[in-house]
Structures are given as structure tokens and as C-alpha cells.
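See below for the structure under consideration.
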Amino acid sequence: MQKSYDPSKIEKKWQTVWEKKKVFQTKDKSKKPKFYGLIEFPYPSGDGLHVGHVRSNTAMDIITRKKRMEGFNVLYPIGYDSFGLPTENYAIKTGVQPEIVTKKNIKIFRKQLKSLGFSFDWDREINTSDPKYFKWTQWIFLKFLEKGLAYKAKIDINWCPRCKIGLANEEVIGGNCERCGAPVEKREKEQWMLAITKYAERLIKDLDTVDYLEQIKTQQKNWIGKSEGTLLKFQISNSQSQNNEKMEIEVFTTRADTLFGVTYIVLAPEHELVKKLIADPQFQISNKEEIKKYIKDSKNRTEIERTNEEKEKTGVEIKGVKAINPANGEEVSVFIADYVLANYGTGAVMAVPAHDERDYKFAKKYNLPIIEVISGGNISEKAFIDYGMLINSKNFNGMKSEEAIKAITTQFGKSVVKYKLRDWVFSRQRYWGEPIPVVHCEKCGIVPLKEKDLPLKLPKVKNYEPTDTGESPLASITKWVNTKCPKCGGFAKRETDTMPNWAGSSWYFLRYTDPKNTKKFADFKKLKYWTPIDWYNGGMEHVTLHLLYSRFWHKFLYDLKLVPTKEPYKKRTTHGMILGEGGEKMSKSLGNVINPDTIVKTFGADTLRVYEMFMGPFDQAISWGENNIVGVRRFLEKVWKLQFKVSKIAKTNEKLETLLHKTIKKVGEDIESMSFNTAISAMMILANEMEKEPAITKKDFEIFITILSPFAPHIAEEIWSNLGNKSLIAETKWPSFDKKKIVQEKVTIMVQVNGKIRAQFEAERDISESVAKNKAISLPEVQKWLAKGEIKKVIFVSGKIINFVI
RNA sequence: GCCGGAGUGGCGGAAUGGUAGACGCGCACGACUCAAAAUCGUGUCUCGCAAGGGGUGAGAGUUCAAGUCUCUCCUCCGGCACCA
């Protein structure tokens, strides 16, 4: 037995023992109840493991270690989300194949993860860029295609001119590229799409069935952006379409009650009708050139410029075209303006300047009429957007807005539900991603590969650079591109787009249940045993996109009866980021990145683990503080020394026993609520108390070490074995606490006079009010205060407080 | 602008409406030492010699009792943002 605590000697030792004895390898069959704990798998970047990974991995490691000790059959898997831009960019710079870089990085990650003693089942390790894995990502894509949920569309995509890549709406942050920050442009391109909007309603509704933090649910709902409103049709005056009916403009509004206040109609510049109107000879449009120029200009403007114009709204009237308000038959002018979005609602709005701020500003600028139809505001100053009483609205006058919305909708339109969520742009013009497994045949069109031809692997290329034309680097590999049509055997070309990063991570949690299956993405029986995931922890930054995408894939697979549950995750929590010492994000350029290896070397893995759990509330962002690590190391040193105090002649005293049982309770509960910092503080208090004792019993100390073991598994294992145990502490039982022992017999009763504490005394826990009152009154410090008045009221809180109101 | 979350010592942070500042860092003093480090002990919100007073972003309120509940306001962080 070593006298001094030397983590470098014991940590490696126990990691080897766990691995050899396969302690954390999970069986798919067990009489025990199952527990599936999941963390977001890391992207194996060249920078190596981040201290942030350590924080979230340790948290779930503590939870799963405790669950194992509580008798659960636990699955705690790990893998790598290895397709991604940094690796590809590295390949562009150096010419080294992404596959090779990825392999190298994974090796480093694996070693780092192992050095921290996480209780992963390493036999289930997965890697999204491994063909054996992405075969099934491609397979799932083909299912989407088969069911008509994957389709190709020519759309205006968000184009990052610097990354030379199309971005999903989700990847555009405030008009800028999420990765490089460059302003995003619009480009029209043929793209693969996934029809996530078909699942919008279920993605909202089923949130009621899961245990996510309220904040997460709200974010998901906001992103999907459901709104209920009315579709209204405005006919175009003096117009005739081919089937002899009048042409119409369809608008979407949530405020049908303001229909009588419409003074003009606005179309988005991209609206299809605009082109038709200009081309149609039946209209005498006097300013065609002006309109064309406006459309062209707005297309060239980036998102950023468009959104920056919040104050100045621009637009052009289509002179010669009028629309008819269905409610009163009056003619109103028609404008195009880019404050109206083409891809929301119908791409056209009815403008009610009196009751909408944007319309108000626009109307003021272009001198358009403003008609008040809801009373309660002062429209000569600003738009009145609240609900109120209808005026100037013929037979709807006097109705309340809520009522009028229903009535007007029934009479003139129909109610519909619209979502902000748009279909998912699923194409990337990049090399390092899953190839989309279809070919383009001149005869047969788009033809999916046959299942037996999956996986479709990536060809080796020399140049990874994306092209300015927006084509994937794969397009230049003619040998790979030219192929035979699986249907007719004729000449065909492969699709050269690859899938986005989100693809592989949208189903990885399913693969963990059956990672080596070559026949299916996962066996249904195994899925039935393991899913849903009992607890999923990850970063706040993945709460909208990854969570939404993976829920969508899961629901799709559920509809195909390939997975047994509607929702993948029963419970989702989030961790806060670890920031640099100054409070900024850790980054290479700031030079404030902490390498976990260094900390493990100087302080030990257990110290790093406990420190990261102790540093602050788990769900909040927190700055790294090198100074505070020493405190944790001191604590572990203290625990180490305590083992030499274990003695056969030691006797438990009541005080220590009470504290011990309180600590068991607190640590157990705190782990469940992720209050790791207070759990550790409770154990520090216990260690401090034990240190004061001349000797401690083996039993008491073993209980302490057991509850410490999920946090600091190596030192716990070493001490456990030093105490003469042949078994592993990782496989021992989580201790239970005795309710009776937690209750203290002696308590301190605080004596207040008018709510201020004036004295205190020791008493039996169940002291009665009258006894306490007499005792309190007899105290000289209390008498002094009571002399100042008459006792009006006495409040007694059993075992805690007695308060005299005078 | 809208929706969340948060404001507590020198610092990270604790507090089922019931002793504010647990635990840790730092600091001060003491012990050990030739000395230092390590370790251990004591102290550490603030004003005051003391008795006592004040104190959880600001202001009001509810209550015997408010960091905690209610209202108004300020600041910071996160998300969304011309969504009709």
C-alpha cells in the first residue's frame, strides 16, 4: 500500500483491470431493468479532446456508474461523428485523405477518453464515416426516397461564398454562415430535400410525452413556429386566366379581424404571380422596368442587408394592377416588397397599416391610406396591434377581435395552420460526407441504388477543393461518376452531392444497440430492449437542430415499423459550456485552450473529473479556473489519508453516523438532479468530519468510498482494494440510507423576536411548543427583548424556530 | 422587439418561505521547520470598543419571517428575429 496518493500509478492500473474484466461491457439480455444513458458523440477534430467533452462525459459517467451499482443493466456507449468540414478543409490544405486524418484523430480521442476512466462499452464504438456504418445512413435515405419524403427541388438556397457550400436555414445565423461567419447569399440550385415539414405537427405535439427541460421544448416549438390563421383570396380586377376565371392573390393572415382595414396588397419579389403579371398582356403595367430592377436588386442583396433594413422598407407598386377586397369589394393597390418573405405563408400579405407596424411604416413612406378598424389605439401616431373592438367593418362592427377572426374566416376565407419550419436542404457539394446513393439515368431518371450495392463508398481523389460553380469535388471523378443504371443497365451518372453532417448523427443512438449488425441497421428486438434512451445529455447548441432532425428520422422509422417508439429520447438535459479563464470561448486564436492531457498528467484524471463537476452548476456556462483545481486535489489527498485511519477498534458515534446517512441521501439525490457540485461539497464535509475523528470504522469508510466512486473511480477502486476487498467497487452495491439515522435527536431551536434572531438553545427534536416557549422565555437574551413589549403572538415551527411577535 | 435564464463576499458558488454566505479558492495569523514548501489549526460580508445596526441589482408589496413569493424597473447571458 502506497503511503502517498499518486494517480499516475493507480489510474492506468484500474483502467486496465476494468478493460480486462469487461466490467462495462453490456449484455443485450438481462433480468435487470435497463438504463440507456447517452452523450453526444464527439467530432474527432485534430485539436483533440476538449475539457467540455470531459464535463459532459463525466456527468453521464457518474449517472451510469450509479445506475449500475443500483442494479441496472446499463448501456453507456461512445462513438465518433466523423464526417465534417474541418477534416475536409485540412485535406484541401494538405492533400492528406480525410479518411486517414479521421483514423488518426479517432485514435487520439480514444486514448484520451480512456485515460479519463469513463465506463463506456468500448465494444460498441461506432464511427459515422465507416462504410459499415454509413451503409445504413444511405439505406435510410433510400427509405425516405421510397416514401416520397426525399425529393429534388430547384430552390433558392443559402450559399456561403467562402465555404462554397449550400447551407440549411438552420445553419444560417443572423444572415451569416454558421461556420465561417461570411454573409450568406441566395443561389438557385437543384438540391435534395427531406420533407420534415410533413412531421411538423407531430414534432410539436409529441413534446408533451417527453421529459425535456422546458426551455428545450420551447426552443423546438419556436423553431417549428406554428401559427394558426386564415387564407383569404383577393381577386385581381379586370383579369382573366385561361379557364375564364379571375386571377387571384392568396394571402395568409392571423388577423382576419382587420380585413376591412386592408389598403394594399404586398407580394414577395420572388412570388410566381409577379412574373405572370408582368408577362400578361391584359395588364397595362406602366413601370415594368422598375419592377424588374427591384426584383433583381433584392436578389443580389444578402440576408444581412435585407434584415438590416429594418427601419427603411422598400417596395414598388405594380401600376395597372388592382386587387379586390373580398369583404367590401373595394379595389386596393398591389406592391412588391422584400419585407414580405417568399417562403412563409403564401408569399403575399394583405397590408393593414393601422394595425401592423411593418405595414404602418411602409404606408407612411409611400403615402398609402391608413384605415382604423380596431378601436383602442391612436393610429395617427403608431399602429395599434392589440386586439380590440371592430369599427368601420360593416356588420362586424362591435365584435371583439377573437370573435371577428372566426366570423370573418368563416364568411370570406378558410382557416389554416402554417409553420416557419421548411423542408430540410439535404445536399452538400462536398467530398467528406455520405454519398447520396442514387444515379441519374437518361432513360429512367433518378434511380436509387440497390440495397446490395450499399455502401456506396467515396472514391479517392486528389483535389478536395469545392468548385465555384457549386459542384461537389466528386463531379470531376469521371471514373466514379460514370456508371450503369441499376434499372435498365444503360449509361448513368452518379449523384455527386453528399449528405450534410446531421445525417449520421440523426440515428446513431439506434446503432449502439446493435453496432455490428450487417443485415439491418439494428435488430428490432434489441431496439425494443434498449430504446427509448432513458437520459440524453448534450449541449444547448444542439437543442434545436440535432434534436429536431433525429426526432424526425426516428418518427419516420417508427412509421415504417422499424423502431418501436415514437420518440427517441425520454429525457434530455443540457450542460453549460466551459469557457476560458477570462470568460471567452476557448479557442486556438485566443490561446486559452486547456488540454485535458496536461491536467491528467499534473493532477490526475480523478482530480480533473471531480473538479469539472465541482466548478459550478452543471447546466451553466463557467470559466476555467486553474486555481480551484488544487482544492479538489487536496480533497482527494485527504480521502487517501483517511484510509489509514480505518481501525478495528474504532466505534461509530451518532454524530458521524447521522452525517454519513445524510450524505448518502444527498449524493444520491444530487446525482439524479445533476447537482454534482453540491454532492461533492457534501462529501467534502463528510471527509472533514472523518478527519477529525481519531479513528473510523471500515464499514463507514467503505460507504463513503462507494458514494465517491462514480466521481473518482480510480482512487475509490484503489482504496477499496487496499481495504482488503477482492471485488471491484464498480460492481458493488450503491448504499442505502437509513431514514431513522438521518433524523437528529438534538436540534438547535432559534428564538426570534419580531422575526429577528435573538437567541438559540439545544433541544430534543420533538420538543413541544409549550416547553419550547417556556425555555425560550427563560433565556436572558430573550427576556431583554421581550421586556420591550407585550407578546401578541407566538409562532412555533417544530424543531426549528420559535418567534415572538410583540 | 419577442421568448427563456440569471444578478448573493476578493473569486467559483451554497441556501424545502425559517441561523444568508455551506463547500472550495484566495488572504491573514498561529503550529511544525534552521528555513521554505507541503500539512494541520484559527479567523475571514460590513459598520461598531461593545451593546447593537446594515446587508443577496434598484424600488415597492405580501408575511410573524423574503435571497426565495407578487408587481415595477435596471443590467448581463442565451435563443429567435420583417414569420404577416
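Quick note: the coordinates plus some simple rules give every number you see, no bench work behind them. None of the values given here were measured: they were computed from a predicted structure. Glycine also receives a Cβ, built like all others from the backbone with ideal geometry; neighbour counts cover every protein chain displayed.
Numbers below:
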item: Overall dimensions of the range A:54-120 as given by Cα atoms, namely Rg and Dmax in Å; result: 16.0, 51
item: Residues listed by number, the range A:765-806, amide nitrogen under 16 Å from residue A:756 label point at 7 Å toward C-beta; result: A:781-790, A:803-806
item: Cβ-based exposure ranking for A:126, A:622, in which fewest neighbours within 10 Å come first; result: A:622, A:126
item: Estimated FRET transfer efficiency when R0 is 30 angstrom, pair residue A:797-residue A:685 (beta carbons, to 0.05); result: 0.75
item: Across A:34/A:699; A:132/A:457; A:132/A:571, pairs whose alpha-carbon gap is larger than 21 Å; result: A:34/A:699; A:132/A:571
item: Loop trypsin sites (Lys or Arg not before Pro), the range A:534-563, which have at most 13 other Cβ atoms in a 10 Å radius of their Cβ (DSSP); result: A:561
item: Charge dipole (debye, nearest 20) of chain A; +1 at Cβ of Lys and Arg, -1 at Cβ of Asp and Glu; result: 3020
item: Charge sum, other residues only, whose C-beta stays under 12 Å from residue A:741's C-beta, Lys/Arg counted +1 and Asp/Glu -1; result: 0
item: Cα-based convex hull volume of the range A:420-505 per residue, rounded to whole Å³; result: 132
item: Relative contact order (%) - chain A, alpha-carbon pairs under 8 angstrom, separation at least six; result: 14
item: Semi-axes of the equivalent ellipsoid for the range A:699-806, Cα gyration tensor, largest first, Å; result: 49, 13, 11
item: Whole-number Å³ per residue for the convex hull built on Cα positions in the range A:559-685; result: 197
item: In nm, spacing of pseudo-spin labels at residue A:540 and residue A:528 (7 Å Cα→C-beta vector); result: 4.1
item: Over the range A:218-281 - Rg/Rh using Cα atoms and the Kirkwood inverse-distance radius; result: 1.08
item: Nonlocal amide H pairs with residue A:801, under 5 Å, H built at 1.01 Å; result: A:750
item: Cα radius of gyration and Dmax for the range A:329-480 (Å); result: 26.6, 74
item: Loop-located trypsin sites (Lys or Arg not before Pro) in the range A:216-319, at most 10 other Cβ atoms within 10 Å (DSSP); result: A:311
item: Ellipsoid semi-axes in whole angstrom, largest first, where each is sqrt(5λ) of the Cα gyration tensor of chain A; result: 59, 41, 22
item: Burial ranking of peptide ranges A:106-117, A:452-463 (average Cβ count within 10 Å, highest at the top); result: A:106-117, A:452-463
item: Rounded to whole Hz, the Karplus (6.51, -1.76, 1.60) HN-Hα couplings of the range A:606-614, x for glycine and proline; result: 4, 4, 4, 4, 5, 4, 5, 7, 8
item: Values of log10 I(q)/I(0), in the order q = 0.22, 0.23, 0.29 Å⁻¹, for the range A:688-748 under a Debye, Cα-only, solvent-free model; result: -0.97, -1.03, -1.27
item: Alpha carbon centroid spacing (whole Å) that separates the range A:701-761 from the range A:527-585; result: 34
item: Footprinting exposure proxy for A:262, A:274, A:771 (fewest neighbouring C-beta atoms within 10 Å first); result: A:771, A:274, A:262
item: Theoretical FRET efficiency, 1/(1+(r/R0)^6), r = Cβ-Cβ of residue A:771 and residue A:722, R0 60 Å, to 0.05; result: 0.75
item: Cut-off 11 Å, label 7 Å out along Cα→Cβ of residue A:104, residues of the range A:416-446 by amide N; result: none
item: DSSP-assigned coil residues among trypsin sites (Lys or Arg not before Pro) in the range A:1-97, each with at most 14 further Cβ atoms within 10 Å; result: A:3, A:21, A:22, A:27, A:29, A:31
item: Stokes-Einstein translational diffusion, the range A:104-219 - Kirkwood Rh over all Cα pairs, 1.306 mPa s, 10 °C, in µm²/s; result: 87
item: Above-threshold pairs, the threshold being 25 Å between Cα atoms, out of A:293/A:322; A:111/A:601; A:103/A:147; A:66/A:528; A:21/A:107; A:29/A:452; result: A:103/A:147; A:29/A:452
item: Integer Hz, Karplus 6.51/-1.76/1.60 couplings in order for the range A:188-193, x for Gly and Pro; result: 8, 8, 7, 9, 7, 10
item: Label-reachable residues, the range A:622-655, where backbone N falls under 11 Å from a point 7 Å from residue A:2's Cα toward its Cβ; result: none
item: Lysine pairs in the range A:149-209 with Cα atoms under 18 Å, if 8 or more residues apart or on separate chains; result: 8
item: Gain in span if fully extended, residue A:764 to residue A:139, counting 0.36 nm per residue against the direct Cα distance; result: 218.0 nm
item: Order of A:781, A:465 - criterion: other Cβ atoms within 10 Å of each residue's Cβ, fewest first; result: A:781, A:465
item: In nm, spacing of pseudo-spin labels at residue A:215 and residue A:292 (7 Å Cα→C-beta vector); result: 5.3
item: Linear extension gain, residue A:173 paired with residue A:493, 0.36 nm per residue minus alpha-carbon span; result: 111.7 nm
item: Gain upon complete extension [residue A:70, residue A:695; 0.36 nm per residue less C-alpha separation]; result: 222.1 nm
